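Have a look at the structure below, then the notes.
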Amino acid sequence: MPRRSLSEWLGLLQQRHPTEIDLGLTRINRVAQLMQLVTSGHLPPVKTLVTVGGTNGKGSCVAALNALLTKSGYRVGCYTSPHLIRYNERIVINGQMASDEAICDAFERIEQARGDISLTYFEFGTLAALILMADAAVDVAILEVGLGGRLDAVNILDADIAIVTSIALDHQDWLGDDLDQIGAEKAAIARAGRPLICGDRSPNVGVLKTATATSATLLVNGRDFDLNSVASMPANRLPPNSVACALQAMALISDLPFDRVDTSALGAVSVPGRFQQLQVGSVPVILDVAHNPQAAELLAERLLLVKGHIVAVVGMMSDKDIIGSLAPLIPLVKAWCFCDIPDQPRAATAGKLQALLYNAGALGVGEAVCCPSPLAAFDNALKLAAVDDTVVVFGSFFTVGPILEHLQYSCEGTISVD
């Protein structure tokens, strides 16, 4: 039988499990045990495991910590999700994305071991990442939580260091509308006697109770560590709380005082799709995967420094707080290009996005257009942008990803990246 390609594997995994999001550790634990991959919550021969959870800022925290560790000579594996363009972005070992061949080999090993146990797309990917990190014998494995924390697939492992970057409303269909409940779920990646690093300067009750219940050592941003104590910090566009968490984790791993960690690598860190600034012809473009109110507020704050008006390209999942996510941008946006997101059943239609803002009284006639795809909306936005206007793309990885891919591969010679 011929080997499956990565695209064939991913297509199969998307169709196989009946539920896209199916939280729980039973299935993945059983397969990990069958593969003898995990031993007493540890991933041999990896020396240190860092699990990164939170509502926003997880990817930036992973990128910052990866840069700090790499600069100091550590071998590092990173597992993040979702991806923007290529699935391979999810698994990065020693600065290199995993190859199609390596991922397919890992998938095949999982397939042979799982028997009749059904795994979700994310569970398959998590196991593949663990296999490749173990095979590479990395010193430090950094695992980003996909959703929540307590029941997320990465929580089959006992984190040596747990990080919760922030707590805000998101994924309410699975985590609930109560911030304390969400905090408790996300903080449940912590383990007894091990550090739980909290990026929020005032942790909510859920985080505090979980830290106590798990007997974790809680380290709070602004109380136990503070960026203001760092004398030399290179300029960067990363969220400060995420940087602070990464620095604290690095201090623990390297056994250095917080203010003695070498921060020089942070100046070169950028995370695609997080306030990523480009130039398409004469039009400035900003790509940001902000998809909940907290992230949208940060985006709006950053856009206050942008000259001219904003033309927004927006596509979102229907289970998000759409009005809450769009509201911070309303005073800044002169025109909206809403888009459908093909092949994403969870996506809200462009018409629904437009109707929600019209019903909220935020739009006047002629201020919005509906488009069949992110690329079509982006083309419309470029046409609507006047001199000194900026096109801002946000709302989902599935909105930003196709546009970033188009810009990278179809606009060579007309695009510049800041």
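Computed with every protein chain present, the accessible area of ILE310 is close to 10 Å² [probe 1.4 Å]. Relative contact order, whole percent, for region 37-181 stands at 42, derived from Cα pairs under 8 Å and 6 or more residues apart.
Annotation for region 183-280: trypsin sites (Lys or Arg not before Pro) lying in DSSP loop with at most 15 further Cβ atoms inside 10 Å of their Cβ are ARG201, ARG223, ARG237. Sorted from greatest to least, the principal axis extents spanned by the alpha carbons of the chain come out as 61, 59, 44 Å.
Heavy atoms of the protein chains alone define the surface here; on that basis region 1-58 has 56 Å² accessible area per residue at 1.4 Å probe size. Solvent-accessible surface of region 222-269, taken per residue with a 1.4 Å probe and all protein chains present: 49 Å². Straight-line cross-link reach from LYS209 at under 19 Å between alpha-carbon atoms covers these lysines, not counting any fewer than eight positions away in the same chain: LYS186.
Taking 0.36 nm per residue of separation and subtracting the current Cα-Cα distance, fully stretching the chain between GLN279 and ALA192 would add 26.5 nm. If you sort LYS320, LYS307 by accessible surface, 1.4 Å probe, largest first, the order is LYS307, LYS320. If R0 is taken as 35 Å, the Cβ-Cβ distance between LYS352 and ASP100 corresponds to a FRET efficiency of 0.45. Ordering of 133-139, 384-390 by packing is 133-139, 384-390, highest average first (other Cβ atoms within 10 Å, averaged per residue). Legend: calculated FRET efficiency, LEU12 to ARG302, from the Cβ-Cβ distance at R0 = 35 Å, rounded to 0.05, equals 0.30. A straight Cα-to-Cα reach below 18 Å connects LYS352 with the lysines LYS320, residues fewer than 8 places away in its own chain not being considered.
Relative contact order, whole percent, for the chain stands at 16, derived from Cα pairs under 8 Å and 6 or more residues apart.
If you roll a 1.4 angstrom probe over the protein chains with everything in place, what fraction of the accessible area of the chain belongs to carbon and sulfur, to the nearest %? Here it works out to 51 percent.
Could you work out the helix-only [θ] at 222 nm for the chain, with each DSSP H run of four or more residues adding -39,500 (n - 2.57) and the total divided by the number of residues, to the nearest 500 deg cm²/dmol?
So the helix-based figure for the chain works out to -11000 deg cm²/dmol.
The values are calculated or read from the model by the stated rules, or taken from the named source; none is laboratory data. Remember, predicted model here, so these are calculated numbers, not experimental data. Methodologically, a virtual Cβ is constructed for each residue, glycine included, from the backbone with ideal geometry; neighbour enumeration extends over all protein chains shown. Just so you know, the surface numbers come from the protein's heavy atoms only, side chains and all, with ligands and any DNA or RNA stripped out. Shrake-Rupley method; radii C 1.70, N 1.55, O 1.52, S 1.80 Å.
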